[in-house]
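These notes concern the structure reproduced below.
Only the coordinates and a few stated rules stand behind these numbers; no lab work does. Not measured: the values here are computed from a predicted model. Cβ placement follows ideal geometry from the backbone for every residue including glycine, while neighbour counts extend to all protein chains displayed.
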Amino acid sequence: HVNSIVEIYGRGFKVNIGRGVSRGFGEAYLTLKPVDVDELYDKILSRMISVDSLSRGNIVVLYAYSPLIPTPIGSTLDLEYEKTLNLPTEWMRRFISVNASIKINVLDILSLKMFTYRGFSLRVNKPKLPIVGYSPGTLVICKVADINGSKDDIRRLISYMPLLGLDSLSTQGFNHVFLASKDPFLGEVL
């Protein structure tokens with residue numbers, strides 16, 4: 001999918017973000033480059049999660065580094081009813097093929113507050129539907145219900161999570177998470 005974007009836009013292109021674009025603010029230049037998920041795990045994610053700690057019955061945390069929408073269209077993460085999350089999600093399966101799966105049960109949510117995200121569509125000149133969700137930094141406390149796959153496949157699966165997001169709302173900047181099983185500063189297992 002990145003290759004088709006590169007074919008359309010080239011390796012780098014200018015985008016307008018947020019308000020004040022007409023005054024020269026909010027202009028950014030993006031450069032596309034491939035992401036090596038093994039390097040992502042080794043350099044960053046390995047400080048927060050150990051594949052060895054992912055076993056049935058163990059506690060893990062989903063850390064939301066973007067706004068988290070708990071009941072999106074399609075119910076990927078339905079925290080009110082089902083309280084389970086199957087990884088990879090259907091959204092993730094569209095982009096990756098891994099021989100691993102993780103089923104986690106949601107136990108609790110720790111968040112500073114709920115937000116209502118509003119926007120305005122310049123294309124149709126009307127307000128967008130408001131979306132209610134948790135703030136970035138939200139922690140979703142979970143218990144591993146089931147896990148299947150080799151260590152390498154599980155590692156690849158958890159490495160793709162922060163990049164792809166949980167569902168199609170990730171294309172709008174929502175539901176980007178990573179799994180954590182240890183404190184990134186202390187290195188201790190949760």
Whichever lysines have a C-alpha closer than 24 Å to that of LYS126, once near sequence neighbours (fewer than 8 apart) are set aside
none
Under 19 Å Cα to Cα from LYS143, which lysines show up? Leave out anything in the same chain fewer than 8 places away.
LYS83, LYS103, LYS151, LYS182
Starting with the highest mean, order 158-169, 84-95 by the number of other Cβ atoms within 10 Å, averaged over the residues of each peptide.
158-169, 84-95
Calculate, in nm to one decimal, what LEU112 and ASN58 gain on full extension: separation in residues at 0.36 nm each, minus their alpha carbon distance.
17.0 nm
Which whole-Hz ³J(HN,Hα) couplings does region 124-131 yield from phi under the Karplus relation 6.51 cos²θ - 1.76 cosθ + 1.60, θ = phi - 60°, glycine and proline marked x?
10, 6, 9, x, 7, 4, x, 10
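How large, in Å, is region 55-178 by the Kirkwood hydrodynamic radius built from its alpha-carbon pairs?
On the way: mean 1/r = 0.0663 Å⁻¹.
By the Kirkwood definition, the hydrodynamic radius is 15.1 Å.
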So what are the ³J(HN,Hα) numbers for region 92-106, from phi and the Karplus equation (6.51, -1.76, 1.60; θ = phi - 60°), rounded to whole Hz, Gly and Pro as x?
5, 5, 5, 10, 10, 10, 10, 9, 9, 8, 9, 10, 10, 9, 7
Under the Karplus curve 6.51 cos²θ - 1.76 cosθ + 1.60, θ = phi - 60°, whole-Hz ³J(HN,Hα) for region 138-146, x wherever Gly or Pro sits:
5, 10, 10, 7, 9, 10, 5, 8, 7
